[in-house]
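To start, the structure under review is shown below, and the notes come after it.
Bear in mind that the values in this text are calculations on the coordinates, not laboratory data. None of the values given here were measured: they were computed from a predicted structure. Positions of Cβ are generated from backbone atoms using ideal geometry, with glycine treated the same way; all protein chains shown enter the neighbour counts.
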């Protein structure tokens, strides 16, 4: 059997490791538009910050593909998929046939259409080349005076934090009334904003870039929606990504925002799979399919797709939106559906504990007696237990009082659940 | 509140160069002797409440601790010893009886330590127990006066009906310790070890926990004066029954388990209300004469359809010989005699230390009297009351015992350090307690293993000693007092024990 | 593969497991040196297991070595990997960047933030290379056993 994987990131790695767990004979070919270096996208902020160098930005060792007996074609983007003929065609004109295909083309950064986005000094923040470009600019002879990051979400915060650590003065623009509005609630957003402001970042909400002004092709100023014009010699768009689904769409697969897949990551064509940032898979918290572009989902979905390709069924119970950021050394996590306001909804219960001086905040959202979301700022100890509760959908009504206690742990939870986690005993949920 | 004259019995010594402030001692001491001083990051100890159980010493990962007796010295006085003084201090303060646990700790003569065993030299050669089979098998139960056979097709056939017997792989059993005086985990350890070693353990007066019925084939169920937990299933679950008239640690008085210790589990096993005191009266209130005892013995035999041996346990007292004779004539299949050194979970100190006689003398008297009356074979003789080693056990068999009961030795095997504070219910080793924090400390897997190890070690030693005597079956030494000689005993003692002096 | 089995009914709450885990992961492997010298010097020496206690119930929790480890999926640096020899899930501390994704997904909450100068995730590694994990070997009441599960 011949398997082709389009893309060279987490999903591809997940698929390869999964396939080889069960099958040593299938032929695997990875076609990527980037180089052969398998790097970690989330680590780009650590790379930009200077916490790691080029060697450590790799997600797997250089001999990974060789060890797993995988062929790789680099620097060649796939441009067309022929579902009927079961072939793919790349930019170079090369055509390859497949028995099974995995589309893991990831996401493309969202850039608002406006003149000047191609100017020197304007970057997105999704690929290694972006990070290298920003680093070059930051480390050149004439230091960057005014950096502007558009986007107060996960990507934006990571870019801001990285630039902060490089000693660059940053202004962050967020269109919504508060930063991190997609994942964090008002309290958590405010806490992170305060931390950023105290560390010297200018945080502007209800605002974004309206116009880019260039001088000799390089960025010099930006005009904000609010009307103000500020100097800017480095502009980073960290608004977010949308699924890179144009390839799938033009091939005729069912595409919503992302490629629609079933619990085995199969697309509308039985020989084609999609996984990672490009796919729209089941989210068990919101109980519907949607694209959740995070690293763990990408790896896991790749593994599920890979397994299914070689005949092993590992159904996807569903993904959970979750992410973790750090602002000036203070960690913050958002898991599941936790940012809605408390307006007395009948089926929702909110538990929270805030210690402003200690920068410690936890908020839990319970729907119909089951945990659906958690936010942690400052103290992220044992956060995964909440994730486990969300995933397993164990009723938590009886232990509400203990969920936020200072010694929160497995002993705070129903006995049968604790025994299940500790000993692996099956439980009826 | 007036000043207490009571000074600490023990001093806790900590080697500061080895203490790593891990606080294991703080967590493990049920008497709150050790405590952590936060702002100094040190662990310190207040020896006032130390009972000398050595839990902290044993668990300390750097062996930084030691427990010493507080050598507070009075002016030397041969009569007024420090313990005599301290007892009066205590009683003057409390106005109550002094309580204690475990067996008599006073310096009465230990006759086992004044008896030595024979060995073969030149004639009747020694046997190597590693090369020859050695029989330690013992049967407990009434033996017939004579055996009658008839000629059958394939040879002689036995006609005589043999009374029910207990078959032991070695002449050592675990003595009675009730669930209530010891923890469930301790009971389970005894049950499992007895089963593994091919011997028996005794439920004591606390009844039998439902989870232990599975070991019934190795269980002797006790029927004591409180009749706790006694119902038909209980009687039928066990392999033998024992009517407890008394025990060596507290002859003549009954038992008392305070209500705080009667947990739900214990209340269900004993068939009494939760939280109520469990009082065993001194006499069985339906046994006021030897005829009454016979009636109960046969009631139990009827109830169990004459399928199990029914015995009687008494404390060793002044006229133990005629008492034992009466018990045998009353129909008991075995008589268990518990000497002054016998242990207990709680007893008044004055009774424990002053009432009763040593088991060695009791054994000699009873065995001789039964032989004189020609009824020795009608019941097996089991002795208890500080059998501390395999040599004590073997000497007891040579004196005439069919088997010995051990309890203190079993507890020590499980971790007991004889601090004698069982009655507080704060046993740091998880044995004499019902406190759920403490009972966890005795893992039955480990407890059963250690007990089985002890029995195995002793059986190897007994075989070794027997082999040295040129004997390969325990039957050959049973009641054979010629294998014993006395050392350092006076003429009266030698006569009482029925043995000759060494050299004679 | 062999895993650590937790028997909470035998845990006596002494926390000797924590002591020996720390010593096993120290440089000197000497209990007195590890506590009196190494731990004080800010080396961030800490046990890899978590002790939980509530009333009389207690147990030592360490990585459950899941068949489908969430931490390995979530790890952005590839530090979390399955050791080919032992089958254990190990965090390669030279690759970890302390992003805390693993802490966010571990259902047992068995991963901790290390107290070293460098941010790394700290978790049980089955005492890599040892015949028996230190916590199992030193539990005084056999509340932890090492079994093929």
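When a/c is below 1.5 the answer is rounded, else prolate if a/b is larger than b/c, else oblate, so apply that to region B:302-401 with a ≥ b ≥ c taken from the square roots of the Cα gyration tensor eigenvalues. Prolate, because a/c is 1.5 or more and a/b exceeds b/c.
Residue order for B:199, A:55, fewest other beta carbons within 10 angstrom first, comes to A:55, B:199.
Region C:1-52 and region A:190-244 have Cα centres lying 48 Å from one another. For region A:258-398, relative contact order (Cα pairs under 8 Å, six or more residues apart, normalised by length) works out to 17 percent. Counting every C-alpha pair in region A:304-362, the share spaced more than 19 angstrom apart comes to 59%.
When you work out D = kT/(6 pi eta Rh) for region B:334-448 at 25 °C and 0.890 mPa s, using the Kirkwood radius from C-alpha pairs as Rh and the Stokes-Einstein form, the result is 156 µm²/s.
Summary value for region B:191-302: 23 percent relative contact order, contacts being C-alpha pairs under 8 angstrom separated by 6+ residues.
Peptide C:66-79 shows a mean partner chain C-beta count of 6 within 10 Å per residue C-beta. The label-point distance for residue B:89 and residue B:39, in a model that sets each label 7 Å from Cα toward Cβ, rounds to 3.3 nm. Overall form of region A:329-423: oblate. Here a/c, set by the Cα gyration tensor axes a ≥ b ≥ c, is 1.5 or more, and a/b is not larger than b/c. Build a GNM of chain A with springs between Cα atoms under 10 Å apart, and of A:254, A:141, A:91 the one that fluctuates most is A:141. Springs between Cα atoms under 10 Å define the GNM used for chain A, and in it the highest mean-square fluctuation of A:103, A:230, A:179 occurs at A:230. Note on residue C:1/residue A:66: beta-carbon distance plugged into 1/(1 + (r/R0)^6) with R0 of 25 Å gives a FRET efficiency of 0.45. As a proxy for reagent exposure, B:370, C:126 were ordered by neighbouring Cβ count within 10 angstrom, fewest first; the result is B:370, C:126.
All C-alpha to C-alpha distances of region B:111-244, sorted into 10 Å bins beginning at zero, yield P(r) values of 11, 29, 25, 23, 12, 2 percent in whole numbers. Placing pseudo-labels 7 Å out from each Cα toward the beta carbon at residue A:228 and residue B:487 gives an inter-label distance of 10.1 nm. Pairwise Cα distances in the protein assembly as shown exceed 56 Å in 38 percent of cases.
Kirkwood hydrodynamic radius computed over region B:138-501 comes to 20.7 Å, based on all pairs of distinct alpha carbons. For the pair region A:317-351 and region A:15-86, the centres of their Cα atoms are 31 angstrom apart.
Considering only alpha-carbon pairs that sit under 8 angstrom and 6 or more positions apart, the relative contact order computed for region C:67-123 is 30 percent. Report, in whole Å, the centroid distance computed from the Cα atoms of region B:306-368 and region A:104-140. Answer, in whole Å: 96. Sorting A:169, B:280 from the fewest to the most surrounding beta carbons within 10 angstrom yields A:169, B:280.
Please compute one quarter of the surface area of the Cα convex hull for region B:101-171 and express it in square nanometres.
Working: hull surface 43.5 nm².
Over every viewing direction, the Cα hull of region B:101-171 projects on average to 10.9 nm².
Taking each DSSP H run with n ≥ 4 as -39500 (n - 2.57) and averaging over every residue of chain A yields -7000 deg cm²/dmol at 222 nm.
Shape analysis of chain C based on the Cα gyration tensor places the equivalent ellipsoid semi-axes at 22, 20, 15 Å, largest first.
Let me know the Kirkwood hydrodynamic radius for chain A, please, with Cα pairs as the basis and the value in Å to one decimal.
23.1
Counting only DSSP H runs of at least 4 residues, each contributing -39500 (n - 2.57), and dividing by the residue count of chain B, the helix-based mean residue ellipticity at 222 nm comes to -8500 deg cm²/dmol.
Under a Gaussian network description of chain A, with springs only between Cα atoms under 10 Å, the residue in A:357, A:140, A:67 that fluctuates furthest is A:357.
Assign one of three labels to region A:152-293, namely rounded, prolate or oblate, based on the Cα gyration tensor with a ≥ b ≥ c the square roots of its eigenvalues; rounded applies when a/c is under 1.5, prolate when it is not and a/b is larger than b/c, and oblate otherwise.
It is prolate, given that a/c is not under 1.5 and a/b is the larger ratio.
At a temperature of 20 °C and a viscosity of 1.002 mPa s, determine how fast region B:398-494 diffuses translationally according to Stokes-Einstein, using the Kirkwood radius over alpha-carbon pairs as Rh; express D in µm²/s, rounded to the nearest whole number. After rounding, the answer is 130 µm²/s. The simple spin-label model puts a point 7 Å past each Cα toward its Cβ; for residue B:298 and residue A:176 those points are separated by 9.2 nm. Taking every alpha-carbon pair in region A:1-119 and binning the separations at 5 Å intervals from zero gives 2, 10, 19, 19, 18, 15, 9, 5, 2, 1, 0 percent.
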